1. Is region 74-162 rounded, prolate or oblate when judged by the Cα gyration tensor, a ≥ b ≥ c being the square roots of its eigenvalues, rounded requiring a/c under 1.5 and prolate requiring a/b larger than b/c?
2. I need the calculated FRET efficiency for the pair Gln632 and Ile41, taking r as the beta carbon distance and R₀ as 60 Å, to the nearest 0.05.
3. Based on the inverse mean of 1/r over its pairs of different Cα atoms, what is the Kirkwood hydrodynamic radius of the chain, in Å?
4. Under a point spin-label approximation (7 Å from Cα along Cα-to-Cβ), what is the Arg641-Ser243 distance to one decimal in nm?
5. How about Lys511: which aspartates and glutamates have a C-alpha closer than 18 Å to its C-alpha, ignoring those fewer than 8 places off in the same chain?
6. State the Cα centre-to-centre distance between region 118-166 and region 60-115 in whole Å.
7. Once fully extended, how much extra length lies between Asp504 and Glu152, figured as 0.36 nm per residue of separation less the alpha-carbon to alpha-carbon distance?
8. Under a point spin-label approximation (7 Å from Cα along Cα-to-Cβ), what is the Glu215-His311 distance to one decimal in nm?
Amino acid sequence: MKKNWICILTICGLLTACNAKKAADNPEPQNTEIAAKSEGIDGLTDEQVAEGRDCENATTMTRFVACANEALRRTVSASEQMNWAYMTNINAETEAAVTKSETELMAERSKLMEAANKFKASDAQNDDELRQWNKIRTDTTQPPPKDPAKRERLAEISAKLMGYYGSAKSCDGAVCRDLGALSKVLETSRNPEEMKAAWLGWHNAFDSQKPLYQEFVSLANEGSRDIGFKDLSEVWLAGYDASSEEIRAQVNELWEELKPLYEQLHCYVRAKLAQTYGEDVVPLNKPIPAHLLGNMWAQEWNNIYSIVIPHPNAPNIDATPKIKETMQPIDIVHNVENFYTSIGFKPLPESFYTHSMFVKPADREVVCHASAWDLDTKGDVRIKMCIEPNLENLTTIQHEMGHIYYYLYYNDLPFVYQNGANDGFHEGIGDTVTLSMTPKYLKEIGLIESLPSDESCKTKKCAAAMVDTMTKMTINQQMQSALEKIAFLPFGLLIDEWRWRVFDGSIPPEKYNEAWWQLREELQGVSAPEPRDENHFDAGAKYHVPGNTPYLRYFLARVLQFQFHKALCDAAGHVGPLHECSIYQSKKAGEKLIAMLSKGSSQPWQKTLEEMTGSPKMSAAAMIEYYQPLIQYLKEQNQGRTCEFSFEKPIENKKAEKKVSQNAKVASDLKPPIPMKPMLSCYNRCTKEYYQVPSGSGCVNIVLCENDF
Ligand SMILES: [Zn+2]
């Protein structure tokens, strides 16, 4: 329930790291004396409840929940004040203050979690109380074990893992490069050997971290069992208002819907990379080597847009020149606010403009990563960012503003409900609004001067040429967007897919790296630049693993934003292709969005989603609809190419295998499945079970068990 949403999380990790250590060193405050003097109702006086003090003395869940809400509100707000002071003015004093406040927050949280666990579900007077109680007791990504020594060790390991990540470097003699420098190589170089060296440099830096992570898993699992869960994956999934099996099955269903789309993009990009680097570097029947996609984890591929651009000669829609020419940082923020108020959102409070940080100050060190803050849950919201006037920054502010308005609209709820309906919602709101920034919208607000149009044409030939140009521009634009949003999907899924299995023990430590690369190949279609054995710990080279930050939210946000966009466009009465819809100035769309934000997490997200979209299920249909022009283009381009993932066998065996696959499915429909031995290299897949074909060398998928994730 951390209140500021830092969208690039490296700094947050470092902060928490040093604080976790301090927290372990601090004994918890003793309140027995005050407790003895308490003469209030149900163990607490009204004053204590109003001030969120001594909540552990409550003897009924009703009083406890009321007290805990206030205690959390106060401690989180105090901690956010200190964090803000630190991140906008880094010095020894603010660092000490932030460490102290974070320590207090951690102590308060553990105290409340422990106190919450003295109650049981049947103590709740109603469903709402039960819901609040559950949120208090599961408000953690790593429940500490009851045993004090183990508790301390867990805090120590977490700090070490994150501290190591933050300071990791790849050194060649005296020359050392950090993540920023190594990433730069992957983003800008077009020399495969140079990129491979950068990739290996970063990943090899984490070989030493595996034993620590293994110990972390064991202790965090113990802590999870101590509060009544099977393992840590169950704690993480407890926030999704369904059983962990149901959520995993739903997520898998979404991926099955989206996979054909990803496969088309992957196939096209692989072919383009092969044209650029040669088929010896990028073979057409194998996964794409991970170091060639412009990103350390191959998670988003925007940096190779120039390699894969569909129509290099089509005009470019770029609002940046106009933004540079006409806008100061604050104008960009106003511009974004205008979008939100145009759909009926309330204007931002005056304090937002006086307290936010939009420009990098000249006189002090600050953290420039864009983030959105709620400092007191009473309207003191802020953005912190060093704004450069360009379209990318305008889009980032659109994203942050989604968080800001979520804060403002759910501020009236009890503190534990001041959150996204599920964690994918919070990340998806701003992006939903960004989908409305169509070329037509940019023209309407004067950020681009003109768009090609067939309206001025007098001849059919001219009109046809114009339509052709517009189509090409759309394809280019959708490709740019897909390299970020579609390319990310399997990665967004696999980080937690790997961890859920690590936590539940189905991936044992001696298979950490093997299983990691199986998932990366099978979901992402990406391979390591060279074989990686168990001496490496490649999952540890992604911040969220040592930082212990759940990752599913990013996958969900990518999908949900299109589902929201579709619902809002329907409300706005949009007619035409979904990618051309902008909800700008639609009060009806705004009303719908506000209704959703105002609910926070006070009810199951399925209900909130249903009120918004008409369906309680997350669906990928809108995302697929949005990308229709690109999908058609990719299908045309990929004609004659083998795009489905199946990397174990030569390309020419593909047809024969497909036949076997279909036969196997038919056979399974007719009679009970013959038990076959799962093949290790094929076992990791969602609703499908993978079997070795008795006569062949590859994997065949048979849809057998819907619930087997
Ligand atoms: Zn965000």
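Quick note: the coordinates plus some simple rules give every number you see, no bench work behind them. Please read all numbers here as calculations on a predicted model, not as lab measurements. FYI the Cβ positions are ideal-geometry reconstructions off the backbone, even for glycines, and counts take in every protein chain you see.
1. On the way: a/c = 3.18, a/b = 1.58, b/c = 2.01.
Because a/c hits 1.5 or more and a/b fails to exceed b/c, region 74-162 counts as oblate.
2. Details: r = 67 Å, r/R0 = 1.11.
The value I calculate is 0.35.
3. Details: mean 1/r = 0.0367 Å⁻¹.
27.3 Å is the Kirkwood radius here.
4. Label-label distance for Arg641 and Ser243, simple model: 4.2 nm.
5. By straight Cα distance, Lys511 reaches Asp207, Glu215, Asp496, Glu497, Glu521, Glu522, Glu530, Asp533, Glu534, Asp538.
6. 15 Å
7. 124.4 nm
8. Those two pseudo-labels are separated by 5.9 nm.
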